Amino acid sequence: MASTPAQALPSTAQAVNGGTSYTVAFAALTSLFFMWGFITNMNDILVPHLKGVFDLNYVQAAFVQFAFFVAYFVMAIPAGKVIARFGYKMGIVLGLCTSGMGALLFYPAAAVPSYAVFLTGLFTLASGFTLLQVAANPYVSVLGKPETAASRLNLAGGFNSLGASLGPFVSGLFIFATVALTKEQLAALSPAELAAHKAVEASSVQTPYLILAGLLFALAAVFMMMKLPTIATIGDHSAAEGTTEKGKLTDALAFRQLRLGALGIFMYVGAEVTVGSFLVSYAGLPEIGGLKEVEAAQYVSLYWGSAMIGRFLGAALTQRIKPQVLLTVFAAIAAALVAFGWLGTGMIALFALVAVNFFNSIMWPNIFTLAINGLGKQTNHGSSILIMMILGGALVPLAQGKLADLVGLHGSYFLPILCYAYIAFYGISGWKPNKA
């Protein structure tokens with residue numbers, strides 16, 4: 001999932017300190033983008049792993065993504081209030097500590113083992129990341145000249161994509177290290193042997209998440225001690241001009257482009273997450289690749305790596321092609337690739353789904369930009385609503401999980417096609433502002 005784009009943030013802020021070089025501060029902030037990309041996409045490994053440990057059906061396994069992404073919806077507004085109360089630096093520190101506590105919860109969750117504690121840990125992790133997103137994105141945008149804010153956020157976003165592609169690969173080596181047993185082998189085990197095997201499988205998440213907790217707390221300590229530039233202002237200068245933003249959060253919904261764009265963000269995040277969430281299980285289907293989980297995890301890394309490539313190339317294309325046109329074309333191609341994965345078989349169908357994320361790469365910034373265009377003083381409210389629509393990453397995987405339980409995983413990939421069809425509609429017509 002892409003980080004909040006520069007377009008959502010006015011570039012009139014000022015960062016003030018004793019000097020003009022922000023290299024150290026920027027380098028530290030890019031580590032945050034890397035970390036939340038790395039950990040977020042470890043969920044694609046947790047979905048099939050916990051499905052096996054707790055004998056879950058697909059919709060139950062999809063609660064991994066639900067618990068994680070629903071935190072963005074629940075915590076987006078509280079996170080903004082925390083930043084307003086304690087400042088951006090302390091917001092980052094609190095976000096890292098919150099995520100660290102979420103990672104620590106994986107140890108008792110595996111020791112019990114308890115699926116509910118795993119889900120609590122995931123919600124806590126994502127709550128911390130919500131704070132980080134709200135704090136780090138505007139911080140990066142003001143660490144330098146306003147005209148280069150987009151460049152800095154794109155560079156930081158590149159590190160986010162790098163972490164996103166490495167997370168499934170590295171975590172797969174740890175989590176899928178235990179020997180996977182077939183259904184026949186599991187059926188042959190005695191109750192005591194089966195319980196012991198499940199305990200070993202559950203415990204495979206303890207070491208990687210303990211390491212991650214240590215890294216998150218270490219980063220919090222580093223930021224606590226760092227002498228970061230003081231942010232003088234973030235946002236526009238309307239207050240200095242004698243005007244202030246009025247109205248409620250929902251007032252922004254009077255704008256057609258925002259209403260339809262919010263649904264577009266919901267569909268984009270939902271489709272991107274759900275395709276990746278079930279990719280390990282999809283690659284293991286006999287008619288696709290029959291791959292073992294540790295082998296399939298490599299294709300999840302390729303899935304997220306293709307988004308990193310698409311982001312860099314997409315940045316160049318958006319300078320030459322109107323965002324609504326590029327969005328329509330990329331959404332149509334993504335829909336066609338998912339349709340191939342839905343109807344096709346063999347490794348070529350798997351590669352079609354892997355390639356989808358290349359075309360996802362430009363969707364967040366393009367939808368975001370089109371949705372807030374023309375909102376004026378309601379821009380900040382509109383941005384908050386769009387960030388809350390990351391909720392799609394919680395609900396669409398649940399819907400596909402239910403569909404997979406009813407018609408099979410292969411057939412369930414019809415659902416993301418509908419998401420991309422809507423995004424294509426938004427690129428054709430939905431982005432046009434109302435005349436109000």
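Taking 7 Å steps out from each Cα toward its Cβ at residue 248 and residue 225 produces label points 4.8 nm apart.
A simple spin-label model places the labels of residue 407 and residue 432 3.2 nm from each other, with each point 7 Å out along Cα-to-Cβ.
Rounded to the nearest Hz, the phi-derived 3J(HN,Hα) couplings of region 359-375 under the Karplus curve 6.51 cos²θ - 1.76 cosθ + 1.60 (θ = phi - 60°) are 7, 6, 4, 9, 5, 4, x, 5, 5, 4, 4, 5, 6, 8, 5, x, 7, where x marks glycine and proline. Counting 0.36 nm for each residue step from residue 321 to residue 292 and taking away their Cα separation leaves a gain of 6.3 nm. Distance between the 7 Å Cα→Cβ label points at residue 329 and residue 86: 4.5 nm. Each residue of region 256-263 was assigned a 3J(HN,Hα) from its phi angle through the Karplus curve 6.51 cos²θ - 1.76 cosθ + 1.60 (θ = phi - 60°); the sequence is 4, 4, 6, 4, 6, x, 4, 5 Hz, with glycine and proline shown as x.
If R0 is 25 Å, the Cβ-Cβ spacing of residue 57 and residue 199 corresponds to a FRET efficiency of close to 0.70.
Applied to region 58-65, the Karplus parametrisation 6.51 cos²θ - 1.76 cosθ + 1.60 on θ = phi - 60° returns per-residue 3J(HN,Hα) values of 5, 5, 5, 5, 5, 5, 4, 6 Hz, with x for Gly and Pro.
Counting Lys and Arg as +1 and Asp and Glu as -1 over every other residue whose Cβ lies under 10 Å from the Cβ of residue 284, the net charge comes to -1. When peptides 406-417, 218-229 are ranked by their average number of other Cβ atoms within 10 Å per residue, the highest-first order is 406-417, 218-229. Ranking 365, 344, 407 by Cα position along the charge dipole of region 286-436, where only Lys, Arg, Asp and Glu carry charges on their C-beta atoms, puts 365 farthest toward the positive end.
Extension gain, residue 77 to residue 170: 0.36 nm times the residue separation minus the Cα-Cα distance gives 30.2 nm. Packing order of peptides 124-137, 273-286, highest average first: 124-137, 273-286 (average count of other Cβ atoms within 10 Å over each peptide's residues). Compared with the direct C-alpha span, the chain from residue 348 to residue 31 gains 110.6 nm at full extension, assuming 0.36 nm per residue.
No lab work stands behind these numbers, since they all come straight from the coordinates. All of these numbers come straight from a predicted model, not from anything done at the bench. Virtual Cβ from ideal backbone geometry, glycine too; neighbours counted across all protein chains shown.
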